[in-house]
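Written out below as structure tokens is the structure these notes cover.
The values are calculated or read from the model by the stated rules, or taken from the named source; none is laboratory data. None of these values were measured; they are calculated from a predicted model. Cβ atoms come from the backbone with ideal geometry, glycine included; neighbour counts cover every protein chain shown.
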Amino acid sequence: MPPNDSAETMGGVDVGVGVGACVARPARHASSIEGRLNAETASGIKAWVFDLDNTLYPHHCNLFEQIDRRMGGFIADKLRLPPDDARSLQKGLLRDYATTLQGLTSRYGIDAHEFLSFVHDIDYACVPANPQLAGLLADLPGRKIVFTNATTRHAERVLDRLQVPRECFDHFLDIAAMEFRPKPHRACYDALLTHCRVANPREVVMFDDLPSNLKTAHELGIATVLIDTPSRYGRFVGDERYIDAVAENVESFLEGALGFS
């Protein structure tokens, strides 16, 4: 997530997602998804990679608002700062280090696990059950991986609210497993491909709500599906050549473009 007042890569939540139908993007390059991933060729996909926040659940849940408040509270408590000063410092760290967590660990020696545990102690009641998504994921052939800048525990709690069995996924690649380097760092994607267990990255498709996270995937040959978003940081504007297709949610793409049901 880009540095700004309401979103960040390492805060634990990625911003953006809507609900509705799939929108296929026009072919613009040789690896266009129209030629490599459709109802006839989907059986050739061996690994399906899903961002978590605002990709597997709707953007309007806005879990990041809670996390953002808890980040400010954590900083205020740990560094004994008034709330306004803590928020100002939080945004300054985000600006200077790309993520609040990186700034806290580098400048103040804060324990990353303690920070992540605290900021993800939130109310998940706003996340609705999604039996349609659960059914589609259960029947999807190939390996399925959650690839998140948050924690595995956060992912598990979201899936519990969605009523998607954790067993639907073969692996959870979270921020700790990535040594606290968030997407879109290249090293994260190298680790991802190891867990995908494929000989060719073109046998992988990745869903994410942030175009910046899909750019690195595309450079490696992974097919990319953007989950469209009302956020200005995730909104599809039609000129990102590294985005192969756009959908308003995961289930609409799996059903509409690939014919899964």
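Some observations on this one:
- Selected residue [exposed (fewer than 15 other Cβ atoms within 10 Å of the Cβ) and either of a type outside the set (A, V, I, L, M) or over 18 Å from Val127 (Cβ atoms) (or both)] from Arg241, Arg161, Arg202: Arg241
- In the stretch 41-92, residue nearest to Asp160 (Cα to Cα) [restricted to those that are buried (at least 16 other Cβ atoms within 10 Å of the Cβ) and among the acidic types (Asp, Glu)]: Asp53
- Of the residues making up the stretch 93-113, just one is more than 17 Å from Met178 (Cβ to Cβ), surrounded by fewer than 19 Cβ atoms within 10 Å (Cβ to Cβ) and among the aliphatic types (A, V, I, L, M), namely Ile110.
- Of all residues in the stretch 195-225, those that are assigned to a helix (DSSP H, G or I) and over 16 Å from Lys183 (Cβ atoms) total 2.
A quick yes/no check of all residues on (1) farther than 21 Å from Phe74 by Cβ; (2) in a loop (DSSP other than H, G, I, E, B); (3) outside the structural domain of Asn54 (by TED's automatic domain parsing):
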site	(1), (2), (3)
Val146	yes, no, no
Ala150	no, yes, no
Arg161	yes, no, no
Glu167	yes, no, no
Phe180	no, yes, no
Lys183	yes, yes, no
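- Residues (of a type in the set (A, V, I, L, M), assigned to a helix (DSSP H, G or I) and touching a residue at least 24 places away in the same chain (Cβ under 8 Å)) located in the stretch 65-117: Ile67, Met71, Ile75, Leu79, Leu94, Leu101, Leu104, Ala112, Leu116
- Failed item, numbered, when Asp121 is tested on (1) within 23 Å of His195 (Cα to Cα); (2) free of Cβ contacts under 8 Å to residues at least 60 places away in the same chain; (3) of a type in the set (D, E, K, R): (1)
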